[in-house]
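J.: Supplied in structure tokens, the structure appears directly below.
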Amino acid sequence: MAGLIGGGAGGPRPGEASLAHRGVLFLDELPEFQRPALEALRQPLEDGIVTVSRISGRAVFPARFELVAAMNLCPCGGRGDTAAHCSCTPERVHHYRQKVSRALLDRFDLLLTVPRPRGHDLAGAAAESSAAVRDRVLAARARLREGTAPRSEAADHLLTNAVERIPLSGRGRARVARVACSIAALAAAAEVGSEHVAEALSYRPPAELAG
């Protein structure tokens, strides 16, 4: 907890969340962290600060960072991979996933299931260059600085239905709407359409983690 959030003996000290201020905090093997430490990330993700209170005093550290995390679908790593055999019992899988709360997952803008690459994928042609991606992202940022595009009636209808059917929390709805705006900006679209909202909805917690 102290190493990730801050604190420790001999006076409060900043943790990794504050050391990543204005940068990226990457947590590999997310469920291997203690659940109380992960839950303590919820406040800085919302407020951009970490507050550490001790008998000797109270300290406030900046902690506005991009959180990126990775995890397997089960402890052995074989679940969801057709080329591997999962040896985990249902109880073990449940205990593993319970370490990451729904409330924390709700604070991620994008959640993706990434399959293990096959040999032909790794031997394929080079992907799009980083320079081309950078130019597209900068152009999208410039559009967003000018103001977000309006949502179409169909997009509003899809978003409203998603709140009831998925279901989406108020925070989740706001994140879907924000991601849809970014997708529309990347596509240089004049409005946020239903296709942009549908893509944003696909980035919510996968079914494997939603239960």
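J.: Quick one: in region 1-48, what % of C-alpha pairs are over 11 Å apart?
T.: Tail of the P(r) past 11 Å holds 70 percent of the pairs.
J.: Set the Förster radius R0 to 25 Å, insert the Cβ-Cβ distance between ALA142 and ALA174 as r into 1/(1 + (r/R0)^6), and round the FRET efficiency to 0.05.
T.: Efficiency for this residue pair is about 0.65.
J.: Just one of [x] -0.60, -0.75, -0.82, -1.21; [y] -0.59, -0.84, -0.97, -1.31; [z] -0.42, -0.61, -0.73, -1.26 is log10 I(q)/I(0) by the Debye sum over Cα atoms at q = 0.10, 0.12, 0.13, 0.17 Å⁻¹ calculated from these coordinates, so which is it?
T.: Matching entry in [x] -0.60, -0.75, -0.82, -1.21; [y] -0.59, -0.84, -0.97, -1.31; [z] -0.42, -0.61, -0.73, -1.26: [y].
J.: Using a cut-off of under 19 Å, list every residue of region 22-49 whose amide N is near the label point 7 Å from the Cα of ALA2 along the Cα-to-beta-carbon line.
T.: 33-41
J.: Quickly rank 13-20, 183-190 as a protection proxy: mean count of other C-beta atoms within 10 Å, highest first.
T.: Listed from highest to lowest mean packing, they are 13-20, 183-190.
J.: Note the direction-averaged projected area, equal to a quarter of the hull surface, for the Cα convex hull of region 30-69, in nm².
T.: Mean shadow area of the hull around the Cα atoms is 3.3 nm².
J.: Same structure again: How large, in percent, is the carbon and sulfur part of the accessible surface of region 137-211 at a probe radius of 1.4 Å?
T.: About 53 percent, which is the carbon plus sulfur part of the accessible surface.
J.: Next question, about the same structure. Express the accessible area of the chain per residue in Å², computed with a 1.4 Å probe while the remaining protein chains stay in the model.
T.: Averaged over the residues of the chain, the accessible area is 61 Å².
J.: Now for a different question. Take the alpha carbon atoms of region 82-124, find their center, do the same for region 163-203, and report the distance between the two centers in whole angstrom.
T.: 23 Å
J.: Which of GLN34, SER87, SER101 sits farthest toward the positive end of the charge dipole of the chain, with +1 on the Cβ of Lys and Arg and -1 on the Cβ of Asp and Glu?
T.: Sorting the options by dipole projection puts first GLN34.
J.: Let me ask something else. As an exercise, use a Förster radius of 30 Å and the Cβ-Cβ distance of ARG165 and VAL60 to find the FRET efficiency, rounded to the nearest 0.05.
T.: For R0 = 30 Å, the calculated efficiency reads 0.15.
J.: On to the next question. Once phi is turned into θ = phi - 60°, what whole-Hz ³J(HN,Hα) does the Karplus curve with 6.51, -1.76 and 1.60 give for every residue of region 153-163, x standing for Gly and Pro?
T.: Using θ = phi - 60°, the values come out as 4, 5, 5, 4, 5, 5, 5, 5, 5, 5, 4 Hz.
The values are calculated or read from the model by the stated rules, or taken from the named source; none is laboratory data. Every value quoted in this text rests on a predicted model; they were computed, and no experiment measured them. Every residue, glycine among them, receives a Cβ derived from its backbone with ideal geometry; neighbour counts consider all protein chains shown. Note: accessible area is taken over every heavy atom of the protein model, side chains too, but ligands, DNA and RNA are not part of it. Shrake-Rupley method; radii C 1.70, N 1.55, O 1.52, S 1.80 Å.
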